[in-house]
Amino acid sequence: MDWQGQKLAEHLMQLLLVCFAVVAFITGYMLGSFQMMMLIYAAGVVLTSLLTVPNWPFFNRQALKWLDPSEAEKHPKPQPAISGPKKKTAKK
Amino acid sequence: MHSFGYRANALLTFAITILAIMCAMASVSDNFNSLSPTSEVQVWNINWFRKKPDGDDEVSLTLNISANLESLFTWNTKQVFVFLAAEYGTPKNALNQVSLWDGIIPSKEHAKFSFHTTNKYRFIDQGSNLRGKNFNLTLHWHVMPKTGKMFADKIVMSGYRMLEAYR
């Protein structure tokens with residue numbers, strides 16, 4: 001997932017769980033059925049996990065911006081010192 | 001949120017935390033229940049009343065127990081445990097509570113009852129104090145919830161008196 005997708009997944013997960021919990025509690029209280037509350041909430045947890053946990057395409061709409069290859073070549077990876085005095089040179 | 005495992009973990013943790021909050025709210029909702037239980041117990045018959053060889057009094061009773069405990073049940077009630085105790089004072093003990101009968105009421109449909117029974121548990125005194133003794137019969141109940149706090153209360157019924165002599 002890209003950054004925006006992760007943010008969307010997290011917010012969607014929290015919102016869906018809280019909404020299902022509220023609906024489940026009110027329904028259970030009105031019907032006088034504890035079991036109904038549990039069933040609605042369990043269904044909500046399953047639905048939310050199906051919607052927010054897998055890596056769906058709509059979480060990947062704003063692609064990550066990687067560095068250009070030419071920009072990366074300007075800053076070569078530092079080579080490890082093989083022989084000679086150990087001299088630390090500051091290299092980017 | 002960068003991986004499957006991370007998201008699954010976050011979701012499950014949040015879901016269980018919300019579940020705990022829902023259960024706490026369900027328990028709090030029990031406080032808004034208005035209770036109106038009623039009960040009546042008659043001593044139908046004193047079957048026998050003796051002094052045991054070890055010196056303690058024992059009595060066998062047939063009781064008529066009737067009660068309506070329907071108002072104790074809420075959506076968050078698993079069952080109601082109810083027991084009947086004989087209560088009296090003696091020189092040795094300021095308060096004696098002897099459990100004579102108990103039962104479990106699994107649902108509201110079973111909460112209104114009336115029946116005859118001999119005492120389920122033996123009514124034995126610590127000593128020989130029961131002759132002519134005035135005692136109360138108290139119906140205690142414990143409302144056991146599905147989640148959260150258990151409520152217990154009682155109804156005291158007074159005016160019972162044991163026989164003056166052994167029979």
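Every number in this text was worked out from the coordinates using simple rules, so none of it is lab data. The model shown is predicted, which means the values in this text are computed figures rather than measured ones. Virtual Cβ from ideal backbone geometry, glycine too; neighbours counted across all protein chains shown.
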Max mean-square fluctuation residue, GNM over chain A, Cα-Cα springs under 10 Å, options A:78, A:54, A:69: A:78
Using R₀ = 22 Å, calculate the FRET efficiency as 1/(1 + (r/R₀)^6) where r is the Cβ-Cβ separation of residue A:14 and residue B:28; round to 0.05. 0.45
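Would you mind giving the three semi-axes, in whole Å and largest first, of the ellipsoid equivalent to the range B:34-161 according to its Cα gyration tensor?
Working: eigenvalues 179, 45, 30 Å².
Equivalent ellipsoid of the range B:34-161: 30, 15, 12 Å, largest first.
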Evaluate 2.2 N^0.38 Å with N set to the residue count of the protein assembly as shown, then give the Cα radius of gyration divided by it. 1.90
Tell me, what is the percent relative contact order of the range B:13-157, built from C-alpha pairs under 8 Å that lie six or more residues apart? 28 percent
With label points built 7 Å along Cα→Cβ from the Cα atoms of residue B:8 and residue B:134, find their separation and express it in nm. 7.1 nm
Excluding residue B:130 itself, what net charge comes from residues whose Cβ is under 14 Å from its Cβ, given Lys and Arg +1 and Asp and Glu -1? +3
Count the lysine pairs in chain A whose Cα atoms sit under 23 Å apart, keeping only pairs 8 or more residues apart in sequence or on different chains. 13
Taking the Cα atoms only, what angle lies between the long axis of helix B:4-29 and the longest principal axis of chain B, rounded to 10 degrees? 40 degrees
Using only Cα atoms, locate the centre of the range B:111-167 and the centre of the range B:5-78, then give the distance between them in Å, rounded to an integer. 16 Å
